[in-house]
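*Asks:* Got a structure for you, questions after.
The values are calculated or read from the model by the stated rules, or taken from the named source; none is laboratory data. Since this is a predicted model, take the numbers as computed values, not measurements. We place every Cβ from the backbone using ideal geometry, glycine too, and count neighbours over all the protein chains shown.
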Amino acid sequence: MDKSDDDCAAIRPEWTTVDRILASRKSSTGEREYYVKWKELSYDECTWESDSDISAFQIQIERFNEIQSRRKKSGDKGKAVTREPRHFKESPKFLSGGTLHPYQLEGLNFLRYSWLHNRRVILGDEMGLGKTIQSIAFLASLFEDKLGPQLVVAPLSTLRNWEREFATWAPQMNVVMYFGSASSRENIRKYEFYYPKEKPKKLKKKKSSPSNEEKKRSRIKFDVLLTSYEMINMDSAVLKNIEWECLIVDEGHRLKNKDSKLFGQLKDYNTKHRVLLTGTPVQNNLDELFMLMHFLEGESFGSIADLQEEFKDINQDKQIEKLHGMLKPHLLRRFKKDVMKELPPKKELILRVELTSKQKEYYKAILTKNYEVLTRRSGIPNKCCNGAAQTLLSWIHDR
């Protein structure tokens, strides 16, 4: 029986390309099998495949084995990792995507210095200056110091871009995107969050044996978790229980409303450090900036009412100077005209478009309030007369 083209769904090449390998096992015949996530397909469409069937994807298999080899022994606490000062005079070698611009290197050093001194900050560079790359460079530097895990919260539409930039600049990091249907997220939590539990060994109980929380923390598999605002609201019960080294919120101005669910959820997350990325730290008024600072440093910027009272007359030079002093340690903001002087100056070209004769007639009638001309049906579509145009005519007639 012939089928129409509509009944046949084409299989895209990406759907048969291995994206990630999540787990492995031995089959009943003794052959190695891998649990495969396919490119551009969700986590609830993962399948078990034999080694021979995906032998062409050795890079992904080697990547899986390399990540598995990173697992820490739960019984070995190791030495406590201390925060070490670092100042980069040139683009770090652990970044493989290219060379940082001087101002981006300054941004990386600003983020490192702030993290070292437990100072939560806003990276407020103008759009187009590479806030994403500077953030990835910072997280990659923490990875080099064996610190993690990290949480990046961004709009859903930008998650793929974040994933691509991580793959370009810091491919050594295990970056997992957490979003999708309930079954997809369950699969991510099952295979991407933690290494499998070790089989218990019959050993004498030691006084310094690790707690269950320490054991679970040692099993964390990913280095960076990328997720969206929606997932924060939906799965906070899971995500807030993880002890995050650093939280980065892209489009951080979304937190300007303290009554929003996103603000309330993220405020309670267990994070050692926080960074907000926004090209518009002040959109409408200072209250929004105070709210962002309250999210970052609740102790220093605790009472919004007190800040409003203190800076109620912001036009005074003394108050401006005082506000700058308070914000300077927490905010780095640069503009293209200041840091990318090699760019040619922006040119504006104004193209004037003439009105048609019919448009001129009605434009003149509106200016002169010529209701007789405006109510003529000829030349005006009935839809316009029955909709917005009638509203305009009523407004003119009332005046």
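*Asks:* Residues that are farther than 30 Å from Asp306 by Cα and over 37 Å from the mean Cα position of the chain (by Cα), at least 1 per element: which helices (runs of 4 or more DSSP H) completely within segment 316-381 meet that?
*Replies:* Helices (runs of 4 or more DSSP H) meeting the threshold: 357-368, 371-374.
*Asks:* Follow-up question, since we're still on this one. Only residues that are exposed (fewer than 13 other Cβ atoms within 10 Å of the Cβ) and part of a loop (DSSP other than H, G, I, E, B): list them for segment 9-39, please.
*Replies:* Ala9, Ala10, Ile11, Arg12, Ser27, Ser28, Thr29, Gly30, Glu31
*Asks:* With the structure loaded, tell me whether Asn109 is part of a helix (DSSP H, G or I), surrounded by fewer than 21 Cβ atoms within 10 Å (Cβ to Cβ) and in the same structural domain as His273 (by TED's automatic domain parsing) or whether it fails that test.
*Replies:* Yes: the conditions hold for Asn109.
*Asks:* So which residues in segment 246-277 are closer than 17 Å to Asp235 by Cα and of a type outside the set (Val, Ile, Thr), if there are any at all?
*Replies:* Those that are closer than 17 Å to Asp235 by Cα and of a type outside the set (Val, Ile, Thr): Leu247, Ser260, Lys261, Leu262, Phe263, Gly264, Gln265, Leu266, Lys267, Asp268, Tyr269, Asn270.
*Asks:* Filter segment 259-273 for residues that are in a loop (DSSP other than H, G, I, E, B) and surrounded by 14 or more Cβ atoms within 10 Å (Cβ to Cβ); which is modelled with the lowest pLDDT? Working first, answer last.
*Replies:* Start the filter on segment 259-273 by keeping residues that are in a loop (DSSP other than H, G, I, E, B), which leaves 259-260, 268-270.
When the remaining residues are screened for being surrounded by 14 or more Cβ atoms within 10 Å (Cβ to Cβ), the result is 260, 269.
Numbers: Ser260: 87, Tyr269: 94.
In this case the residue turns out to be Ser260.
*Asks:* Only residues in segment 80-91 that are surrounded by 10 or more Cβ atoms within 10 Å (Cβ to Cβ) and among the aliphatic types (A, V, I, L, M) count as the first member; pair them with residues that are modelled with pLDDT of 85 or more and part of a loop (DSSP other than H, G, I, E, B), Cβ under 8 angstrom, at least 6 apart or cross-chain, and list the lot.
*Replies:* Val81/Asp145; Val81/Lys146; Val81/Leu147
*Asks:* Pairs only if they're at least six apart or on different chains, beta carbon under 7 angstrom, first in segment 216-244 and over 13 Å from Pro149 (Cα atoms), second basic (Lys, Arg) and crowded, with 17+ Cβ neighbours inside 10 Å; list them, first residue then second.
*Replies:* Tyr229/Arg254; Asp235/Arg185
*Asks:* Continuing with the same structure: Filtering segment 230-255 down to residues that are in a loop (DSSP other than H, G, I, E, B) and of a type in the set (D, E, K, R), which residue is surrounded by the fewest Cβ atoms within 10 Å (Cβ to Cβ)?
*Replies:* Glu243
*Asks:* Consider segment 40-49. How many of its residues are in contact (Cβ under 8 Å) with a residue 40 or more places away in the chain and outside any loop (DSSP other than H, G, I, E, B)?
*Replies:* 2
*Asks:* Hey, could you check segment 40-57 for residues that are out of contact with any Gly (no Cβ under 9 Å at 6 or more places or on another chain) and acidic (Asp, Glu) and say which is surrounded by the fewest Cβ atoms within 10 Å (Cβ to Cβ)?
*Replies:* Step by step, filter segment 40-57, then rank; the result is Glu40.
*Asks:* Consider only pairs whose beta carbons are under 7 Å apart and that are at least six residues apart or on different chains; among these, list those whose first residue lies in segment 158-169 and is surrounded by 14 or more Cβ atoms within 10 Å (Cβ to Cβ) and whose second residue is among the acidic types (Asp, Glu).
*Replies:* Thr158/Asp250
*Asks:* Considering only residues that are in contact with a Lys or Arg (Cβ under 8 Å, 6 or more places away or on another chain) and assigned to a loop (DSSP other than H, G, I, E, B), which ones fall in segment 119-139?
*Replies:* Of everything in segment 119-139, those that are in contact with a Lys or Arg (Cβ under 8 Å, 6 or more places away or on another chain) and assigned to a loop (DSSP other than H, G, I, E, B) turn out to be Arg120, Gly124, Asp125, Glu126, Gly128, Leu129.
*Asks:* Another one. Can you go through Ala170, Ala182 and tell me which one is of a type in the set (A, V, I, L, M, F, W, C) and over 17 Å from Gly148 (Cβ atoms)?
*Replies:* Ala182
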